[in-house]
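Student: First, the structure itself, so that you have it in front of you.
Computed from the coordinates by the stated procedures, all read-outs in this text should not be read as laboratory data. All of these numbers come straight from a predicted model, not from anything done at the bench. Reconstructed Cβ throughout: ideal geometry from the backbone, glycine too, with neighbour counts over all protein chains shown.
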Amino acid sequence: MRPATAADRAFIEQVYVITADWNPENVKGEAFWRADSSFEQYVGGFPRARDYGLVAERNGDPVGAVWSRYFTTADPGYGFVSDDIPEIGIGVVAGLRGEGIGRALLKAIIAASRTDLSLSVEDGNPAIDLYRREGFIEVGRVGEATTMLRRRGGGRSTAGYVAPAP
Ligand SMILES: CC(C)(COP(=O)(O)OP(=O)(O)OC[C@H]1O[C@@H](n2cnc3c(N)ncnc32)[C@H](O)[C@@H]1OP(=O)(O)O)[C@@H](O)C(=O)NCCC(=O)NCCS
């Protein structure tokens, strides 16, 4: 595992598509997501100032990534909690899931982060169990997705944080 750089932009973009198309019964495809405004919002110009990412490699090839990006109240991500809390995205290439790569990436970004972290997980995505086990707590709903927050240090208090109304 190593920090992501601008040279990883294409792979981070690929992982964004993996996250957006997480549901095998509702795959929209790369072209759809590249044209969707969320693509620019989540991965455009990676790494922008204050973006952070980690890439997992196997035999020299990238196989998974996690990244964080700050959003604003004016232009929030799906898992937005506050301007001070970056939202993460995570994905592992098909065929290598369920081997511990995603958990290792999640643990690593938690360890590297000096802030709380948030994320959005759509209903039905089994990844929610992974997030719960790694200390994320449910703090809100947006559409058909749950917003989760991981306090730095792993505390379970949500004091001070109010998720935006769905
Ligand atoms: C979610 C994801 C990043 C997890 O990475 P992973 O390497 O498959 O997960 P790990 O092997 O480290 O850990 C598996 C844990 O994650 C959960 N999990 C979530 N999705 C899973 C999947 N497709 N296959 C296996 N486990 C999955 C399970 O709770 C599992 O816990 P367990 O090991 O105690 O059974 C990966 O499965 C993935 O890329 N999925 C598609 C994209 C996606 O859903 N991204 C998250 C959007 S919010």
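Student: Distance from the Cα centre of segment 122-140 to that of segment 26-72, in angstrom?
Tutor: When both Cα centres are located, 19 Å separates them.
Student: Work out from phi, with θ = phi - 60° and the Karplus expression 6.51 cos²θ - 1.76 cosθ + 1.60, the ³J(HN,Hα) of each residue of segment 39-48, listed in order in whole Hz, and give x for Gly and Pro.
Tutor: Calculated HN-Hα couplings, in order: 4, 4, 4, 8, 10, x, x, 4, x, 7 Hz.
Student: Could the peptides 49-56, 150-157 be put in order, highest first, of the mean number of other beta-carbon atoms found within 10 Å of their residues?
Tutor: Top of the packing list down: 49-56, 150-157.
Student: In nm, to one decimal, how far is the residue 35 label point from the residue 107 one, both placed 7 Å along Cα→Cβ?
Tutor: 4.2 nm
Student: Starting from the Cα gyration tensor of the chain, take the square roots of the eigenvalues, sort them a ≥ b ≥ c, and report rounded, prolate or oblate (rounded when a/c is under 1.5, otherwise prolate if a/b is larger than b/c, else oblate).
Tutor: Values: a/c = 1.35, a/b = 1.24, b/c = 1.09.
Because its axes are fairly even, with a/c under 1.5, the chain counts as rounded.
Student: Between residue 140 and residues 5 or more places away or on another chain, which pairs have amide H atoms under 5 Å apart, with H built 1.01 Å from N, and which residues are they?
Tutor: 147
Student: In addition: Sorted by packing (mean other beta-carbon atoms within 10 Å per residue), highest first, where do 114-122, 64-72 land?
Tutor: Listed from highest to lowest mean packing, they are 64-72, 114-122.
Student: Which peptide among 74-80, 57-63, 2-8, 139-145 comes first, and what is the full order, when sorted by highest mean count of other Cβ atoms within 10 Å?
Tutor: Output ranking for 74-80, 57-63, 2-8, 139-145: 74-80, 139-145, 2-8, 57-63.
Student: Starting from the Cα gyration tensor of segment 13-107, take the square roots of the eigenvalues, sort them a ≥ b ≥ c, and report rounded, prolate or oblate (rounded when a/c is under 1.5, otherwise prolate if a/b is larger than b/c, else oblate). Walk me through the numbers on the way to the answer.
Tutor: Values: a/c = 1.84, a/b = 1.30, b/c = 1.41.
Oblate is the answer for segment 13-107, as a/c is 1.5 or above yet b/c matches or exceeds a/b.
Student: Need one number: nm distance between label points at residue 123 and residue 139, each 7 Å from Cα along Cα→Cβ, rounded to one decimal.
Tutor: It is 2.3 nm.
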